[in-house]
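Enquirer: Have a look at this one.
The values are calculated or read from the model by the stated rules, or taken from the named source; none is laboratory data. Quantities reported herein were computed from a predicted structural model and do not represent experimental measurements. Methodologically, a virtual Cβ is constructed for each residue, glycine included, from the backbone with ideal geometry; neighbour enumeration extends over all protein chains shown. Side chains included, ligands, DNA and RNA excluded: accessible areas come from the protein's heavy atoms. Shrake-Rupley method; radii C 1.70, N 1.55, O 1.52, S 1.80 Å.
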Amino acid sequence: MYTISAELTFHIPHSDSLKDKRQIRRSTIEKTRHKFNVSIAEVATQDNHQTLTIGIAVVSGEASHARNSIEEIIRYMENHTNAELFSVEIIE
């Protein structure tokens, strides 16, 4: 069994409140969870309305499959959210 996780930090320049951030967070997490059936949650920066930090975890029987899955999820999130991907940390 192989586990890989990633922490993605997004910058939301047009967010003026935590309500704006929650809307983006909810949409991003729901779309990603629905498409990939992956464990995903906001893991930090909850009180900062212009920064969104999301954690993702993938478990697979093969290391290459886990790595490919996490990379595909990151690309998807980068292209399907109303925020700018600021940093990515992958933990194997």
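Enquirer: Quick one: in the stretch 1-12, which of the residues that are over 9 Å from the mean Cα position of the chain (by Cα) and open to solvent by 20 Å² or more (accessible area, probe 1.4 Å) is farthest from Gly61 (Cα to Cα)?
Expert: Taking the stretch 1-12 as the starting set, the residues that turn out to be over 9 Å from the mean Cα position of the chain (by Cα) are 1-5, 11-12.
Narrowing the set further to residues that are open to solvent by 20 Å² or more (accessible area, probe 1.4 Å) leaves 1-3, 5, 11.
Values: Met1: 5, Tyr2: 6, Thr3: 9, Ser5: 15, His11: 33 Å.
Ranking the candidates gives His11 first.
Enquirer: Of all residues in the stretch 13-41, which are in contact with a helix residue (DSSP H, G or I) (Cβ under 7 Å, 6 or more places away or on another chain) and surrounded by 14 or more Cβ atoms within 10 Å (Cβ to Cβ)?
Expert: Ser15, Thr28, Thr32, Phe36, Val38, Ile40, listed by residue number.
Enquirer: While we're here: State which residue is nearest to Thr9 (Cα to Cα) when the search covers only the stretch 42-73 and only residues that are open to solvent by less than 20 Å² (accessible area, probe 1.4 Å) and of a type in the set (Val, Ile, Thr).
Expert: Ranking the qualifying residues of the stretch 42-73, first place goes to Thr53.
Enquirer: Is there a residue in the stretch 33-40 that is more than 21 Å from Glu71 (Cβ to Cβ), out of contact with any Lys or Arg (no Cβ under 6 Å at 6 or more places or on another chain) and not polar (S, T, N, Q)?
Expert: So far as the stretch 33-40 goes, no, none of its residues is more than 21 Å from Glu71 (Cβ to Cβ), out of contact with any Lys or Arg (no Cβ under 6 Å at 6 or more places or on another chain) and not polar (S, T, N, Q).
Enquirer: I've got another one for you. For the list (1) more than 15 Å from Thr81 (Cβ to Cβ); (2) polar (S, T, N, Q); (3) at pLDDT below 90, I need the number of the one condition that Ser60 fails.
Expert: Looking at each condition in turn, Ser60 falls short on (3).
Enquirer: Okay, moving on. Cβ-Cβ distance below 7 Å, separation of 6 or more or different chains: which pairs start in the stretch 1-24 with a residue that is closer than 16 Å to Glu42 by Cα and end on one that is charged (D, E, K, R) and open to solvent by 40 Å² or more (accessible area, probe 1.4 Å)?
Expert: These pairs meet every condition: Ala6/Glu89; Glu7/Glu89; Phe10/Glu84; His11/Glu84.
Enquirer: Turning to a different aspect of this structure: Output the qualifying pairs, or none if there are none: Cβ atoms under 7 angstrom, residues six or more apart or on different chains, first residue in the stretch 77-89 and closer than 15 Å to Ser15 by Cα, second residue of a type in the set (A, V, I, L, M) and assigned to a strand (DSSP E or B).
Expert: Ala83/Leu52; Leu85/Leu8
Enquirer: With the requirement that a residue be exposed (fewer than 15 other Cβ atoms within 10 Å of the Cβ) and hydroxyl-bearing (Ser, Thr, Tyr), what does the stretch 77-92 give you?
Expert: Passing the criteria: only Ser87.
Enquirer: Checking the condition among the acidic types (Asp, Glu) and under 25 Å from Leu18 (Cβ atoms), which residue from Glu78, Glu71 passes?
Expert: Result of the check over Glu78, Glu71: Glu78.
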